[in-house]
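Have a look at the structure below before the remarks.
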Amino acid sequence: MKSVAILGPGLLGGSIALALREDPEIHVRLWARRAEAREEARALAVADLVTGGVEEAVDGADTVVLCVPVGAMEGVLRQALPRLSPSALVTDVGSVKKSVCDALAPLVADRALFVGSHPMAGSEKAGLSAARADLFVNAVCILTPEPGHTKPAAIERAEAFWTRLGCRVRSLSPQTHDEVCALISHLPHLTAAALVHNVAAARPEAFGFCGPGFRDSTRIAAGLPAMWTEILSSNRSAVAGSLRTLIAILEPLAAQLEGGGPEAEAAIHSFLASAKERRDGLSPGTTF
């Protein structure tokens with residue numbers, strides 16, 4: 001890996017650039033659509049080349065990482081195709097994979113190497129100003145190869161790329177990825193937003209008394225609404241199924257709390273104890 005083109009200067013793209021800039025042998029190329037973003041990138045010196053031309057960014061790059069919103073990836077990649085090196089690896093950071101892989105893989109199939117990626121790293125903060133070089137250290141990065149279609153070289157190079165950034169690499173099919181992320185990423189965002197709306201609807205003055213528990217539980221609700229609307233819509237079937245499962249879990253709890261009594265208390269204790277046991281088992285090394 002000698003030359004990496006990062007298409008999109010947000011939190012993830014900027015963090016990749018900062019991490020790679022620590023290796024003087026890697027030429028980092030950054031594309032940004034907006035002039036303001038390009039000026040910020042140059043001021044922060046996150047890349048060797050900052051450009052508003054997609055073709056210029058990918059020209060000569062051996063690795064191309066799409067870091068734009070999932071709905072924009074196909075259009076940006078189409079702009080890159082005329083200058084894409086036949087030996088280049090193309091990957092992405094999208095948190096939805098089935099629709100992304102279905103759109104991108106055919107474009108690259110006869111031109112270069114492609115495999116979908118999703119680094120499970122991020123923040124409720126957005127933009128290049130929130131980027132940091134250690135964002136991916138100890139994070140899981142999920143690759144989504146498709147049997148019979150993804151070339152082994154693409155998988156090997158993507159594993160090496162994300163490992164170099166500090167990730168622990170795992171693999172899932174695109175469909176399984178979306179089902180898993182609906183449970184552990186997309187539904188939690190909806191739930192955090194619902195907790196905020198619950199207070200607003202029931203007793204808005206309670207916001208003035210919030211402690212760290214509520215702030216921690218709702219931190220991710222501060223994410224960009226436009227970005228999360230696109231993510232949730234792109235994975236709507238899996239998220240809706242996960243949401244209905246959550247509702248089915250919560251409804252009996254409400255009934256037990258309303259009914260009271262020793263049996264209800266025992267059921268609630270068991271519910272909490274089981275959740276605590278599973279939560280305590282999570283660690284930086286937890287895998288799917």
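Coordinate-derived values only; no laboratory data. Quick caveat, the model's predicted, so the values are computed rather than measured. All Cβ positions, even for glycine, are placed from backbone atoms using ideal geometry, and neighbour counts span all protein chains on display.
Points to keep in mind about this one:
- Helix 236-259 axis, angle to the chain major axis (alpha carbon atoms, nearest 10°): 20 degrees
- Projected label distance in nm at residue 78 and residue 125, using a 7 Å step from Cα toward the beta-carbon: 3.6 nm
- A straight Cα-to-Cα reach below 25 Å connects residue 97 with the lysines 125, 151, residues fewer than 8 places away in its own chain not being considered.
- GNM remark for the chain: springs join alpha carbons under 10 Å apart, and the peak mean-square fluctuation among 233, 242, 270 falls on 270.
- For the chain, built as a Gaussian network whose Cα springs stay under 10 Å, the top-fluctuating residue of 55, 258, 25: 258
- With a Förster radius of 25 Å applied to the C-beta separation of residue 275 and residue 134, the computed FRET efficiency comes to 0.25.
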